[in-house]
Amino acid sequence: MEYYLVVSAIMMFAGIYGFIVRRSLLGILISIELILNSVDINFMVFNRYLYPDQMEGFFFTLFAIGVSAAETAIAIAICINVYRNLHSINVKNLDEMKN
Amino acid sequence: MEFTLYILILPLVSFLILGLVGYKMKPAVSGLLGSVLLGATTLLSYATAFFYFTAPRVDGAFAKLMPYNMKWLDFGGSLQFNLGILLDPISVMMLVVISTVSLMVHIYSMGYMRGEKGFQRYYAFLSLFTFSMLGLVLATNIFQMYLFWELVGVSSFLLIGFYYTKPEAVAASKKAFIVTRFADLGFLIGILLLSFYTGTFDFDKLCSCDPALFSGAIQASFLGYSVISVALALIFIGGAGKSAMFPLQIWLPDAMEGPTPVSALIHAATMVVAGVFLVARLFPVYNAFAPDVLHGIAYVGAFTSLFAAAIACVQTDIKRVLAFSTISQIGFMMVALGVSGMGTHEGTGYMAGMFHLFTHAMFKALLFLGAGAIIHAVHSNEMSNMGGLRKHLPVTHITFLIACLAISGIPPFSGFFSKDEILAASFSFSPLMGIAMSGIAGLTAFYMFRLYYKIFWGTPSEHKHTPHEAPALMTVPLIFLAVVTCVAGFIPFGEFVSSDGLIYEIHLDPTVAITSVLVACVAIGFATWMYKKGSNTMPDRLAITFSGLHTAASHRFYIDEVYLFITRKIIFDRISTPIAWFDRHIVDGFMNGISWSANRVAYLIRGFQSGNVQQYAYVFLIGTFLIVALALSQYINF
């Protein structure tokens with residue numbers, strides 16, 4: 001069980017690190033996916049080892065995957081539109097509304 | 001008498017139409033519209049006068065009518081303001097005067113102002129003025145009068161400054177407004193004092209002179225005088241401001257920068273007599289409770305009259321001469337009111353003052369309109385540019401001569417009858433006053449004929465083109481007013497207006513009449529000898545002999561300079577400058593300090609709101625770590 005949790009924790013912090021330092025929108029999106037997946041793994045692991053006769057964790061994970069798929073679709077659509085309009089997906093350039 | 005409301009509404013409608021959509025009209029249409037509406041007002045005024053004076057008398061006097069008196073502002077308790085219409089002999093008389101002169105000026109202006117820029121605006125302002133003046137005389141209470149009093153001041157300001165591109169006109173309008181406004185402060189305080197102690201604004205109640213109403217004001221004292229005297233004196237200061245009494249006369253000569261018909265309407269016939277009207281309106285109160293103030297008014301009037309007449313003798317600008325003559329004649333009216341008492345015999349002065357107001361309005365408007373026709377012909381205000389005009393301007397010449405004779409007090413013109421009554425009243429007050437006023441009347445005749453001869457006789461001066469008679473639009477009002485001037489003296493005025501409302505028989509005192517006519521004739525003869533031929537060097541020699549007096553008089557006895565000294569040197573330098581410094585450095589500095597510190601703080605915390613989500617996430621993460629570390633340290637301690 002600990003190995004699973006260590007993998008999950010590494011994924012989690014890799015995601016957070018990526019979210020903070022990445023400059024491209026796609027990179028940030030992938031980092032968010034990493035964080036979500038690490039949480040999914042945690043759900044699975046805790047369900048499997050602590051309450052093997054119950055199924056809530058599995059179903060929660062299934063739903064989370066579905067939701068994250070939808071969210072990714074929307075996020076990628078936004079990225080494409082941003083690229084079409086600004087010819088860049090670097091977050092540094094996305095400061096139109098500031099001025 | 002319900003139709004009297006339309007007397008007020010028609011000029012107001014005219015003002016609104018001309019003011020709002022006038023600029024879209026052709027000038028001629030707007031002039032015609034203003035004149036037609038004012039003609040209707042005039043007819044209504046005449047109808048009012050006819051019905052009012054033919055109505056049966058109550059106890060020998062004309063009834064005071066109040067066709068309208070509505071509650072306007074009710075502040076609860078005893079404080080409420082009404083608006084309404086009050087008809088009594090003097091207000092009806094003023095209605096006739098104002099609407100007649102205003103109509104004449106409206107018609108005359110169509111010729112005089114033809115082609116001026118802002119013609120529609122001019123007519124809009126004329127209508128506004130007429131409306132406010134009519135409202136002033138019809139006011140039922142002193143507060144309503146004050147409202148219209150200020151409106152009159154504003155429209156006078158607008159009309160004096162009509163040529164707003166001319167710096168002198170702008171300065172003159174500003175001066176007129178500030179001086180009269182300053183005097184109105186006295187008026188306002190007077191109103192407040194009077195109404196605080198009597199608890200009413202209504203003329204009806206005030207003029208009843210009910211002792212119970214005034215007991216508080218009589219008993220309370222202020223600086224050794226009873227409050228009622230102080231209040232009435234303050235109210236007179238307001239009247240003195242509008243009527244250009246010494247020492248508040250300085251605005252009137254400068255107000256001649258306005259168009260000439262405006263001078264005729266406002267600064268000769270109507271607005272400047274508002275002060276006289278005010279005193280006449282409150283005359284019973286003055287007479288009953290503050291005869292000393294009334295005598296003070298007489299002395300102020302007499303001094304102003306002499307002072308202005310002396311200045312008028314040396315002025316060279318035709319309109320300025322007329323302006324000083326107006327001040328002098330208003331002085332006469334004030335004297336008449338001041339020396340008057342209540343009753344059949346003692347009330348001569350009151351009747352005479354009102355009579356003189358009536359006749360003076362007619363012949364002074366005539367003089368100003370005549371001056372307008374002359375200015376129209378020679379394009380100059382200076383007398384030295386005139387001379388020998390009698391051949392070129394026959395109609396103006398005759399009408400001007402009639403007006404000069406009237407103001408000099410030569411029978412059978414109207415001025416003789418009214419001025420004679422004033423002199424009679426002055427003689428019965430004190431012989432000194434009578435002699436002084438007779439002397440001033442002689443001075444009046446002298447300077448008017450000096451003006452007359454300098455314009456119409458004397459050496460003809462060179463003109464670029466031959467002066468020509470004014471168009472019919474301008475001569476018809478002249479002729480009408482001249483006719484009125486000729487016949488107005490035979491109106492049995494005492495039957496209509498008198499101090500106690502009873503019929504007052506005007507009978508001429510032969511001694512007074514003969515003296516005054518003699519004095520006038522001598523003065524006219526003197527003026528004829530001096531000015532009829534331009535070659536007489538007597539005026540110049542006199543000017544040199546009395547050079548000190550002459551210079552002082554041509555500088556209007558340095559009153560303007562005294563005012564300038566007081567305002568510039570004392571008020572501006574000693575009071576205003578320190579206050580301005582305090583305002584600029586302390587008050588403004590404090591406010592600037594607040595805004596500066598807000599600015600600094602905002603600058604410092606600006607970095608927190610970058611809009612950069614990654615930075616937020618970073619801060620969030622650090623926060624989470626800190627919380628976790630805190631929780632862990634707690635856990636370990638356990």
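The values are calculated or read from the model by the stated rules, or taken from the named source; none is laboratory data. Everything numeric in this text was worked out from a predicted model, so none of it was measured. All Cβ positions, glycine included, derive from the backbone under ideal geometry; neighbour counts span all protein chains shown.
Name the residues in the stretch B:180-215 that are of a type in the set (V, I, T) and outside any helix (DSSP H, G or I), would you? Before you say what the answer is, go through the steps one by one.
If we filter the stretch B:180-215 for residues that are of a type in the set (V, I, T), which is where we start, we get B:180, B:189, B:191, B:198, B:200.
B:T200, the sole residue that qualifies.
On the given criteria, is B:A527 in contact (Cβ under 8 Å) with a residue 40 or more places away in the chain, small (G, A, S) and touching a Ser or Thr at 6+ places or on another chain (Cβ under 9 Å)? Can you show your working first?
Working: in contact (Cβ under 8 Å) with a residue 40 or more places away in the chain: yes; small (G, A, S): yes; touching a Ser or Thr at 6+ places or on another chain (Cβ under 9 Å): no.
For B:A527, the condition - in contact (Cβ under 8 Å) with a residue 40 or more places away in the chain, small (G, A, S) and touching a Ser or Thr at 6+ places or on another chain (Cβ under 9 Å) - is not met.
Can we say A:F43 is away from chain B (no Cβ under 11 Å) and in a helix (DSSP H, G or I)? Outline the logic, then answer.
On the way: away from chain B (no Cβ under 11 Å): yes; in a helix (DSSP H, G or I): yes.
Against the criterion (away from chain B (no Cβ under 11 Å) and in a helix (DSSP H, G or I)), A:F43 qualifies.
Quickly run through the stretch B:216-266 and pick out the residues that are part of a helix (DSSP H, G or I) and either of a type in the set (D, E) or closer than 15 Å to B:A308 by Cβ (or both). Step through it out loud before you land on a result.
First pass over the stretch B:216-266, keeping only residues part of a helix (DSSP H, G or I): B:216-219, B:227-242, B:251-257, B:260-266.
If the condition is that a residue be part of a helix (DSSP H, G or I) and either of a type in the set (D, E) or closer than 15 Å to B:A308 by Cβ (or both), then B:A240, B:W251, B:L252, B:P253, B:D254, B:A255, B:M256, B:E257 are the ones that fit.
Being away from chain A (no Cβ under 14 Å), farther than 30 Å from B:Y447 by Cβ and small (G, A, S) narrows it down to one of B:A552, B:A629, B:A617, B:A543, so name that one. Show your work before the answer.
Details: B:A552 fails: farther than 30 Å from B:Y447 by Cβ; B:A617 fails: away from chain A (no Cβ under 14 Å); B:A543 fails: farther than 30 Å from B:Y447 by Cβ.
So the residue among B:A552, B:A629, B:A617, B:A543 that is away from chain A (no Cβ under 14 Å), farther than 30 Å from B:Y447 by Cβ and small (G, A, S) is B:A629.
Within the stretch B:552-560, can one find any residue that is free of Cβ contacts under 8 Å to residues at least 24 places away in the same chain and part of a loop (DSSP other than H, G, I, E, B)? Let's see the steps before the verdict.
Narrowing the stretch B:552-560 to residues free of Cβ contacts under 8 Å to residues at least 24 places away in the same chain: B:552, B:555, B:558.
Going one step further and asking which of them are part of a loop (DSSP other than H, G, I, E, B), we end up with B:555.
Within the stretch B:552-560 (the criterion being free of Cβ contacts under 8 Å to residues at least 24 places away in the same chain and part of a loop (DSSP other than H, G, I, E, B)), the answer is yes, since at least one residue qualifies.
Okay, residues lined up against (1) crowded, with 24+ Cβ neighbours inside 10 Å; (2) at pLDDT below 90; (3) touching a Pro at 6+ places or on another chain (Cβ under 8 Å):
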| residue | (1), (2), (3) |
| --- | --- |
| B:L79 | no, yes, no |
| B:D88 | no, yes, no |
| B:S109 | yes, yes, yes |
| B:R121 | no, yes, no |
| B:F131 | yes, no, yes |
| B:W149 | yes, no, no |
| B:A172 | no, yes, no |
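Can you say whether B:L508 is modelled with pLDDT under 80, assigned to a loop (DSSP other than H, G, I, E, B) and among the hydrophobic types (A, V, I, L, M, F, W, C), as far as the supplied structure shows? Reasoning before the result, please.
Working: modelled with pLDDT under 80: yes; assigned to a loop (DSSP other than H, G, I, E, B): yes; among the hydrophobic types (A, V, I, L, M, F, W, C): yes.
When the stated conditions are applied, B:L508 passes them.
Given the conditions (1) in a loop (DSSP other than H, G, I, E, B); (2) crowded, with 24+ Cβ neighbours inside 10 Å, which single one is not true for B:G415?
Every condition holds for B:G415 apart from (1).
Mind telling me which of the residues B:G19, B:G76, B:G34 ends up being in a loop (DSSP other than H, G, I, E, B) and over 22 Å from B:F493 (Cβ atoms)? Please lay out each step first, then the result.
Values: B:G19 fails: in a loop (DSSP other than H, G, I, E, B); B:G34 fails: in a loop (DSSP other than H, G, I, E, B).
Just a single option satisfies the conditions, and that option is B:G76.
Take B:A543 and tell me if it is out of contact with any strand residue (DSSP E or B) (no Cβ under 7 Å at 6 or more places or on another chain), assigned to a helix (DSSP H, G or I), under 30 Å from B:G387 (Cα atoms) and not polar (S, T, N, Q). Steps first, please.
Details: out of contact with any strand residue (DSSP E or B) (no Cβ under 7 Å at 6 or more places or on another chain): yes; assigned to a helix (DSSP H, G or I): yes; under 30 Å from B:G387 (Cα atoms): yes; not polar (S, T, N, Q): yes.
Yes, satisfied.
Criterion first (closer than 30 Å to B:R450 by Cα and either of a type outside the set (D, E, K, R) or within 14 Å of chain A (Cβ to nearest Cβ) (or both)) does B:T567 satisfy it? Write out each step before concluding.
Working: closer than 30 Å to B:R450 by Cα: no; either of a type outside the set (D, E, K, R) or within 14 Å of chain A (Cβ to nearest Cβ) (or both): yes.
So B:T567 does not fit the description; no.
It is to be established whether one or more residues within the stretch B:521-533 are at pLDDT below 75 and either within 27 Å of B:H397 (Cβ to Cβ) or loosely packed, with under 15 Cβ neighbours inside 10 Å (or both). Write out each step before concluding.
Step one: of the stretch B:521-533, the residues at pLDDT below 75 are B:532-533.
Then keep just the ones that are either within 27 Å of B:H397 (Cβ to Cβ) or loosely packed, with under 15 Cβ neighbours inside 10 Å (or both); that gives B:532-533.
For the stretch B:521-533, residues at pLDDT below 75 and either within 27 Å of B:H397 (Cβ to Cβ) or loosely packed, with under 15 Cβ neighbours inside 10 Å (or both): present.
Among the basic types (K, R) and closer than 25 Å to B:K205 by Cβ: does that describe B:K64? Break it down stepwise before answering.
Numbers: among the basic types (K, R): yes; closer than 25 Å to B:K205 by Cβ: yes.
Taking the combined requirement at face value, the residue satisfies it.
Give just the number: which of (1) closer than 21 Å to B:F277 by Cα; (2) among the β-branched types (V, I, T); (3) surrounded by fewer than 16 Cβ atoms within 10 Å (Cβ to Cβ) does B:I189 not satisfy?
So B:I189 meets the others, but not (3).
One residue is enough: does the stretch B:73-82 have a residue meeting the conditions farther than 25 Å from B:M1 by Cβ and in contact (Cβ under 8 Å) with a residue 60 or more places away in the chain?
yes
Hey, could you check the stretch A:1-35 for residues that are β-branched (V, I, T) and over 19 Å from B:I622 (Cα atoms) and say which is farthest from the other protein chains (Cβ to nearest Cβ)? Even if it seems obvious, please write down each step before you answer.
Looking only at the stretch A:1-35, we keep the residues that are β-branched (V, I, T), and these are A:6-7, A:10, A:16, A:20-21, A:28, A:30, A:32, A:35.
If we keep only those that are over 19 Å from B:I622 (Cα atoms) too, we end up with A:6-7, A:30.
Values: A:V6: 18, A:V7: 20, A:I30: 14 Å.
Once the filter is applied, the top-ranked residue is A:V7.
Looking at (1) in contact (Cβ under 8 Å) with a residue 40 or more places away in the chain; (2) over 14 Å from B:Q614 (Cα atoms), which is the only condition A:L29 fails?
The single condition A:L29 does not satisfy is (2).
Might you check whether a residue that is without any contact (Cβ under 8 Å) to a residue 12 or more places away in the chain, more than 14 Å from chain B (Cβ to nearest Cβ) and more than 25 Å from B:N612 (Cα to Cα) occurs anywhere in the stretch A:84-92? Give the derivation first.
Taking the stretch A:84-92 as the starting set, the residues that turn out to be without any contact (Cβ under 8 Å) to a residue 12 or more places away in the chain are A:84-88.
Remaining after also requiring more than 14 Å from chain B (Cβ to nearest Cβ): A:84-88.
Imposing the further condition that a residue be more than 25 Å from B:N612 (Cα to Cα) reduces the set to none.
No; the residues of the stretch A:84-92 include none that is without any contact (Cβ under 8 Å) to a residue 12 or more places away in the chain, more than 14 Å from chain B (Cβ to nearest Cβ) and more than 25 Å from B:N612 (Cα to Cα).
Quick check: is even one residue across the stretch B:163-179 farther than 30 Å from B:L12 by Cα, among the aliphatic types (A, V, I, L, M) and in a helix (DSSP H, G or I)?
Looking through the stretch B:163-179, none of the residues is farther than 30 Å from B:L12 by Cα, among the aliphatic types (A, V, I, L, M) and in a helix (DSSP H, G or I).
I'm told B:G115 meets every condition in (1) modelled with pLDDT under 85; (2) of a type outside the set (V, I, T); (3) at negative phi except one. Can you identify the failing condition by its number?
The number of the failed condition is (3).
Would you confirm whether or not the stretch B:339-348 contains a residue that is at pLDDT 85 or above, surrounded by fewer than 24 Cβ atoms within 10 Å (Cβ to Cβ) and in a helix (DSSP H, G or I)?
Let us first name the residues in the stretch B:339-348 that are at pLDDT 85 or above, namely B:339.
Then keep just the ones that are surrounded by fewer than 24 Cβ atoms within 10 Å (Cβ to Cβ); that gives none.
No, the conditions are met nowhere in the stretch B:339-348.
Considering only residues of the stretch B:464-475 that are buried (at least 16 other Cβ atoms within 10 Å of the Cβ) and out of contact with any Gly (no Cβ under 7 Å at 6 or more places or on another chain), which is nearest to B:M383 (Cα to Cα)? It would help to see each step written out before you state the result.
Initially, the stretch B:464-475 is screened for residues buried (at least 16 other Cβ atoms within 10 Å of the Cβ), giving B:467, B:469-470, B:473-475.
When the remaining residues are screened for being out of contact with any Gly (no Cβ under 7 Å at 6 or more places or on another chain), the result is B:467, B:469, B:475.
Values: B:P467: 14, B:E469: 18, B:T475: 21 Å.
Applying the filter and picking the extreme gives B:P467.
Going through B:A436, B:A406, B:A425 one at a time, which residue ends up being surrounded by fewer than 24 Cβ atoms within 10 Å (Cβ to Cβ), in contact (Cβ under 8 Å) with a residue 60 or more places away in the chain and either in contact with a Cys (Cβ under 6 Å, 6 or more places away or on another chain) or not in a loop (DSSP other than H, G, I, E, B) (or both)? If you could, list the steps in order and put the result at the bottom.
On the way: B:A406 fails: surrounded by fewer than 24 Cβ atoms within 10 Å (Cβ to Cβ); B:A425 fails: surrounded by fewer than 24 Cβ atoms within 10 Å (Cβ to Cβ).
The unique qualifying residue is B:A436.
Could you tell me which residue of the stretch B:599-614 is nearest to A:L29 (Cα to Cα), considering only residues that are of a type in the set (V, I, T) and more than 14 Å from every other protein chain (Cβ to nearest Cβ)?
Taking the stretch B:599-614 first, the residues of a type in the set (V, I, T) are B:601, B:605, B:613.
From the residues that got through so far, the ones that are more than 14 Å from every other protein chain (Cβ to nearest Cβ) too are B:601, B:605.
Working: B:V601: 36, B:I605: 30 Å.
Across the stretch B:599-614, the extreme among qualifying residues is B:I605.
Mind listing whichever residues of the stretch B:501-510 are surrounded by fewer than 11 Cβ atoms within 10 Å (Cβ to Cβ) and more than 16 Å from B:I491 (Cα to Cα)?
Applying the first criterion (surrounded by fewer than 11 Cβ atoms within 10 Å (Cβ to Cβ)) to the stretch B:501-510 yields B:505, B:507, B:510.
Scanning the stretch B:501-510 gives a single hit, B:P510.
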